[in-house]
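Engineer: This is the structure, below, for whatever I ask next.
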Amino acid sequence: MKKVERYFYPAVFTYEPGQEIAVVFPDLGCATSGVDDDDALLSARELLGCVLNGLEEDGEEIPSPTPLSEIDTPDNECAVLVDVYMPSVRMAQKNRSVNRTVTLPAWLNALALEHNVNFSQVLQDALKAQFHVG
């Protein structure tokens, strides 16, 4: 069975003075928050990906999203359609190693070998720093 590539779910953003923006996914029974709209949306997208990936991996039924037009909200709330691209989420969950061939100057290779450098670890650390991931 082909897995869904992108999911779209409504989230309710709640605004209260002096508090973080609360974000609730009514169809999934989960919630998060953010300090501003951008942070709340990013947190919502991350949570959505984690929850749906967990449901997929556990073989559980994925609930149908309520149409955005059917979400009623009071004045301090706003319904937002949040999407998540699942291939990226699935790949992030798989921490498997792959081989890569790299080319570097012979003098640098010799220096690194002389200092017992772990090439794989250096490359991983550099790529994580490049993409600002943990």
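Engineer: Calculated from DSSP H runs of 4 or more alone, at -39500 (n - 2.57) each and per residue, what is the 222 nm mean residue ellipticity of the chain, nearest 500? Could you put the intermediate results ahead of the total?
Structural biologist: Values: 4 runs with 51 residues, N = 134.
Value at 222 nm, helices only, nearest 500: -12000 deg cm²/dmol.
Engineer: Oh, and also: Check each of the trypsin sites (Lys or Arg not before Pro) in the range 92-134 and keep only those in coil by DSSP with at most 11 other C-beta atoms within 10 angstrom; list them in order. Kindly include the intermediate steps, with their values, before the conclusion.
Structural biologist: On the way: sites: K94, R96, R100, K128; in loops: K94, R96, R100.
Listed in order of number, the matching sites are K94, R96, R100.
Engineer: Something else now. Shape of the chain from its Cα gyration tensor (a ≥ b ≥ c, root eigenvalues): rounded if a/c is under 1.5, otherwise prolate when a/b > b/c, or oblate?
Structural biologist: Details: a/c = 4.08, a/b = 2.12, b/c = 1.93.
Here the chain falls in the prolate category.
Engineer: Now for a separate question. Pick from Q121, Q19, Q93: which is most flexible by mean-square fluctuation in a GNM of the chain where alpha carbon atoms under 10 Å apart are linked?
Structural biologist: Most flexible of the set in this elastic network: Q121.
Engineer: Then there's this: Leaving out ligands, DNA and RNA but keeping every protein chain, what accessible area does S33 have, in Å² rounded to the nearest 10, with a 1.4 Å probe?
Structural biologist: Surface accessible to solvent at S33 totals approximately 40 Å².
Engineer: Count the net charge of all other residues whose Cβ sits under 12 Å from the Cβ of R45, scoring Lys and Arg as +1 and Asp and Glu as -1.
Structural biologist: Numbers: positive: R6; negative: D38, D39, E46, D83.
Every neighbour counted, the sum reads -3.
Engineer: Let me ask something else about it. Any idea how far apart C30 and E5 come out in nm if each label point goes 7 Å out from Cα toward Cβ?
Structural biologist: 2.3 nm
Engineer: Show me, for the range 113-119, the HN-Hα J-couplings you get by feeding each phi into the Karplus relation (A = 6.51, B = -1.76, C = 1.60, θ = phi - 60°), rounded to Hz, glycine and proline as x.
Structural biologist: Result, rounded to whole Hz: 5, 4, 9, 6, 6, 8, 4.
Engineer: Let me ask something additional. For the chain, what does the relative contact order come out to in percent, with C-alpha contacts under 8 Å and a separation of six or more? Write out the running numbers ahead of the final one.
Structural biologist: On the way: 145 pairs, mean separation 35.0, N = 134.
About 26 percent, as a whole number.
Engineer: Projecting each Cα onto the charge dipole of the chain (Lys/Arg +1, Asp/Glu -1 at the beta carbon, about the Cα centre), which of L28, F131, G18 comes out farthest on the positive side?
Structural biologist: Sorting the options by dipole projection puts first F131.
Engineer: While we're looking at this one, here's another question. Using a 1.4 Å probe on the protein heavy atoms, what percent of the accessible area of the range 14-71 belongs to carbon and sulfur? Walk me through the intermediate numbers first.
Structural biologist: On the way: 1690 of 3450 Å².
That share works out to 49 percent.
Engineer: Mind checking which aspartates and glutamates have their Cα closer than 19 Å to the Cα of K94? Skip sequence neighbours fewer than 8 apart in that chain.
Structural biologist: Within reach: E5, E46, E56, E57, D58, D125.
The values are calculated or read from the model by the stated rules, or taken from the named source; none is laboratory data. Keep in mind that what you see is a predicted model, and the values were worked out from it rather than measured. A quick note on method: Cβ atoms are made from the backbone with ideal geometry, for glycine too, and the neighbour counts reach across all protein chains shown. Surface areas here come from the heavy atoms of the whole protein model, side chains and all, with no ligands, DNA or RNA. Shrake-Rupley method; radii C 1.70, N 1.55, O 1.52, S 1.80 Å.
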